[in-house]
Every structure is written in C-alpha cells, then in structure tokens.
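Visitor: One structure, as structure tokens, below. Some questions next.
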Amino acid sequence: MRSAVFSKAARRLACLAALAVPAVTLALAEPLQLDHRVEDERAFGWRVGDVVERVVRLQVPPGLRLDDASLPAAGRPGGAIELLRIDREGEPGAREQRLRLRYQVFLAPTAPRVLELPPIELSFVGGARAQTLRVDAWPLVVAPITQDEPSPRTGLGLLRPDHEAPPIDMRAERVTLAVCASAAAVLLGWLLLWPLGSAWWLAHRRPFARAERRLRRMLPREGATPAQIEAACRALHEAFDTQARRVLMASDVAAHARSVRWMAPLSDEIARFYSASRTQFFAPDGAARARIDATTLRAFAARLREAERGGASRPEAMA
C-alpha cells in the first residue's frame with residue numbers, strides 16, 4: 001500500500017519537474033525579436049499652429065543599436081506638418097528606448113482636411129545583420145479656423161470696417177512752415193519796398209530836396225518878410241555848401257556849377273541867386289534888400305530839387 005502511494009507521488013513530482021523546466025527556460029531566454037509600440041495623440045480636432053507629440057517605444061534585442069542616420073531630420077520648413085525636434089530617452093544599448101517626436105501644424109485649410117504624420121523607417125546595426133523597423137503613418141484631421149461662409153453679422157464678414165486714420169502731430173511742421181512763411185514775407189516785402197524806401201531815403205537826404213521842403217514851410221505864399229527871405233537864402237546856401245562839401249563863395253559858384261553835370265544847365269541862374277543874396281544880406285538900405293521875393297525862391301528851389309533828382313548827389317566832372 002505504501003509503495004503504491006510513493007510511486008504515485010513520484011509520478012506527480014516528475015510531471016511538475018517536466019513542466020517547470022520549459023517555464024524556467026522561457027523565463028531565462030533573451031528576446032530575439034525587434035519590436036515597437038507607438039503612442040499617438042488623438043486623430044482629430046487639430047488647427048494651424050498646434051503641436052502634436054508622437055512617442056515610439058522601442059524594444060531592442062541585445063547587440064543592436066539604432067542608427068542615428070535613419071532618424072528623420074528636424075527643421076525642414078515648407079510642408080503642411082513640420083517636425084520640430086526629436087528627443088531620445090534611454091541609453092543606446094538599453095533594451096527599452098523611446099523616441100519623442102514633436103510636430104507642428106502649419107496648414108490652415110478652408111475645410112476640414114486629413115493630413116498624415118509621415119512614416120518612419122528606422123535602421124538598427126550591430127547584429128549579425130542590419131534590421132529595419134517601420135513606424136506607420138498617423139492621420140490627423142485639421143479643421144479650419146473659420147467657417148466656409150462667414151457670418152453676415154457686423155465684424156464677421158469678409159471685409160473688416162476701415163480704421164480711422166491715426167492723428168499725426170504736426171506742431172513741428174506748423175512751426176517750421178510759419179517761420180518759413182514769415183521769412184519769405186519779410187524777404188518779399190523787402191524786395192518790393194526797397195526801391196520805394198531807398199528812393200524816399202535818398203530823397204530826404206539830398207541837400208536841395210531838404211532845402212526845398214524848408215522853404216515851403218518857412219515862406220508864405222504872400223507877404224514874406226525880409227527876415228523870412230534871408231532865412232530861405234541861408235537854407236539854399238547850406239544846400240550848396242553841403243553839395244560842394246565846402247563853403248561855396250560867390251566867386252567860385254560859376255565854376256562849380258559848370259563842373260557838376262546836373263547843375264550846369266542852371267549855372268547862370270545860380271550865379272544870379274548868389275549875386276541877389278549878396279545884395280540881400282549886405283545892401284545898406286532896406287529897399288535894396290527886398291529884391292528877392294518868396295515866389296522866385298520857391299520856384300528856384302524846386303528847379304534845383306528836380307535837377308538834383310535827375311542827376312547825382314555828389315559832384316561829377318563834366319565830360
């Protein structure tokens with residue numbers, strides 16, 4: 001009886017040992033297959049500017065190493081989806097490694113559109129032979145940022161209302177314009193008034209013009225007294241002295257009158273004035289002193305003034 005029980009238990013232990021040996025063998029065996037698993041974001045609800053992340057979990061057998069040249073290049077603009085960067089997690093010889101890829105959407109469609117994250121072909125070297133691993137493409141539905149037909153409400157149509165032009169500070173320009181206009185007005189006024197002003201200034205500085213004005217003020221039209229006549233004669237003598245720039249005597253007046261171009265036609269009349277004024281001042285009797293009348297003096301002064309205006313105000317030698 002005991003032997004039968006013992007043999008039955010032995011058979012059971014043998015069966016258990018036979019089943020345990022393959023399990024231990026499988027547990028100690030190394031993985032021989034290159035494999036991967038992809039963690040993708042959602043496939044819908046994306047818009048222009050969004051960043052999509054894709055994680056590839058790699059299971060790499062011992063002895064194999066990922067070839068960096070097989071990784072996609074980041075930063076190639078121009079497409080609807082652009083790879084921004086690739087981050088590697090895990091040591092190059094580790095059994096488990098991760099690739100974290102970040103893409104950005106650059107397409108702004110007018111209607112929902114399906115795009116694809118491109119497939120990746122990874123190469124592994126270092127084993128008995130080179131091996132490749134393909135990561136399949138992944139679809140993305142990119143939605144437009146606006147609807148196809150814009151709303152007719154104000155502010156949502158095809159055209160936006162125009163903005164008011166921003167005000168520009170023109171104070172500096174106004175000041176500059178005012179200064180330039182003032183300077184131009186002064187210059188124009190000077191150009192227009194200079195001939196009149198210079199003529200007026202010269203007219204008031206001419207000796208015989210001043211003398212003629214004095215005579216009109218000091219001599220009445222009728223009833224001039226001898227004292228007034230003498231004052232008028234002195235005014236004319238002062239004009240002759242100023243014009244000649246010396247005291248002009250009666251003996252020199254004829255030669256001086258002929259030496260001045262504008263005075264030469266009046267030389268005889270000037271000589272008669274000097275003779276009459278000498279009688280006026282130095283005659284012994286009062287009757288003889290009244291030979292010059294006011295009308296004659298005013299007319300003589302007016303002729304001298306006109307001749308002076310048409311000629312020069314300084315002595316000139318006759319040609």
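The values are calculated or read from the model by the stated rules, or taken from the named source; none is laboratory data. Note that the coordinates shown come from a computational prediction; the quantities given were computed from them, not determined experimentally. Using ideal geometry, Cβ is built from the backbone for each residue, glycine included, and neighbour counts are taken over all protein chains shown. Remember, those area values only see protein heavy atoms, side chains included, never the ligands or the DNA or RNA. Shrake-Rupley method; radii C 1.70, N 1.55, O 1.52, S 1.80 Å.
Visitor: Output the residue which, of all residues in the stretch 124-145 that are more than 13 Å from Arg54 (Cβ to Cβ) and of a type in the set (Gly, Ala, Ser), is surrounded by the fewest Cβ atoms within 10 Å (Cβ to Cβ).
Guide: Ala128
Visitor: Can you pull out the residues in the stretch 54-73 that are in a strand (DSSP E or B) and among the aliphatic types (A, V, I, L, M)?
Guide: Of everything in the stretch 54-73, those that are in a strand (DSSP E or B) and among the aliphatic types (A, V, I, L, M) turn out to be Val55, Val56, Leu58, Leu66.
Visitor: Mind listing whichever residues of the stretch 103-123 are open to solvent by less than 20 Å² (accessible area, probe 1.4 Å) and within 16 Å of Arg37 (Cα to Cα)?
Guide: Residues satisfying the conditions are Leu117, Ile120, Leu122.
Visitor: I'm told Val52 meets every condition in (1) open to solvent by 40 Å² or more (accessible area, probe 1.4 Å); (2) within 52 Å of the chain's Cα centre (by Cα); (3) β-branched (Val, Ile, Thr) except one. Can you identify the failing condition by its number?
Guide: That leaves (1) as the condition not met.
Visitor: Now, a different point. Any residue in the stretch 38-47 that is farther than 17 Å from Pro139 by Cβ and either free of Cβ contacts under 8 Å to residues at least 60 places away in the same chain or assigned to a loop (DSSP other than H, G, I, E, B) (or both)?
Guide: No, the stretch 38-47 contains no residue that is farther than 17 Å from Pro139 by Cβ and either free of Cβ contacts under 8 Å to residues at least 60 places away in the same chain or assigned to a loop (DSSP other than H, G, I, E, B) (or both).
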